[in-house]
Each structure stands twice: as C-alpha cells, then as structure tokens.
Amino acid sequence: MSTYTTNKSIEKPAHNSYVNTGDSPVNSDWDAIDNSFGGTTSLNVTAVSGTVVLTSTQYQPPTIKISGTLTANVTYQVPSNVGGGWTIVNGTTGAYTVTISSGGGGTSLVVPQGFNVFAVSDGTNIFRSDTI
C-alpha cells in the first residue's frame, strides 16, 4: 500500500504495488512536485463561512489567491502536521476576515484585505514569515 509525504502529499508507492504501471504514480508525483514549485490555488469566499480544511491539491501550490465578497469570517485550515510556506493573496471585499490556521491547533494568521502575506507553517502554528 502506498504512503504519502507529509507536507506535499506526494505518493510513495509500496514495493510491487504498481506492477507494469509504475509510470502512473511517478508521472502524478512529477505533476505534484511541479505544482509545489509554481502552481496557484484560487479560492472564492463568496457564500463561505466558518472553517474550510484545505485539500492537498489546494495547499500544494506556493501561492493561494483568495477572492470574492466575505459575508462572514472564513478560516482556511492547513491539516495538522503539514509544514510549508505560502504566499497568501487576499483580494476579498466585505467587512469580515480571512484567517489561515493549522489543524494542529496552534497560532493562526489573519491576512488583511488587499495584502499579500508569506505564511509559514511548522505543522502546528501559522506565522507571518517576518515574525518567526
């Protein structure tokens, strides 16, 4: 049975798990690695509220662009134990906030509207890169 890397969820196939089809996970992994270096996730907050747990395909890219009109506070949560760094682009409008948090329950980060912030996770906490 395959396992997956902690931070970018890249598949590590188990021995003999892909007999004659080993190219499938390998090709998918290269796409995930490429996305991790240069991809962008676009999230729209319109009609969203509360906490939204990001999927691996959403937190893999280094840039997360958030747009739309906030009608409530929204927290985007990176799963527990996932480390990494992201440029968060907050292009939202509305009288509410966008927060980035970790499922590890540590500190979180409010991203001001109209700002780009580089956020870092140690797997438990989310920090602005200039405050670590």
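Structural remarks
- Filter pass, residue 56 being at pLDDT 80 or above and open to solvent by 40 Å² or more (accessible area, probe 1.4 Å): no
- Tabulated pairs, the stretch 102-126, first touching a residue at least 40 places away in the same chain (Cβ under 8 Å) and under 18 Å from residue 74 (Cβ atoms), second open to solvent by 30 Å² or more (accessible area, probe 1.4 Å) and in a loop (DSSP other than H, G, I, E, B), C-beta under 7 angstrom, 6+ apart or interchain: 103/79; 103/80; 126/107; 126/108
- Among the conditions (1) open to solvent by 30 Å² or more (accessible area, probe 1.4 Å); (2) closer than 17 Å to residue 8 by Cα; (3) polar (S, T, N, Q); (4) touching a strand residue (DSSP E or B) at 6+ places or on another chain (Cβ under 8 Å), residue 121 misses just one, which is (1).
- Looking only at residues in the stretch 74-94 that are in a strand (DSSP E or B) and of a type in the set (A, V, I, L, M), the one that is surrounded by the most Cβ atoms within 10 Å (Cβ to Cβ) is 78.
- Which listed residue, of 46, 41, 71, is outside any helix (DSSP H, G or I), of a type in the set (Ser, Thr, Tyr) and loosely packed, with under 14 Cβ neighbours inside 10 Å: 46
- Per-region count, the stretch 95-117, residues open to solvent by less than 60 Å² (accessible area, probe 1.4 Å), farther than 22 Å from residue 7 by Cα and assigned to a loop (DSSP other than H, G, I, E, B): 2
The values are calculated or read from the model by the stated rules, or taken from the named source; none is laboratory data. All figures in this text were calculated on a predicted structure; none of them were measured in a lab. Because the Cβ atoms are built from the backbone with ideal geometry, glycine has one as well, and the counts that use them run over all protein chains shown. Note: accessible area is taken over every heavy atom of the protein model, side chains too, but ligands, DNA and RNA are not part of it. Shrake-Rupley method; radii C 1.70, N 1.55, O 1.52, S 1.80 Å.
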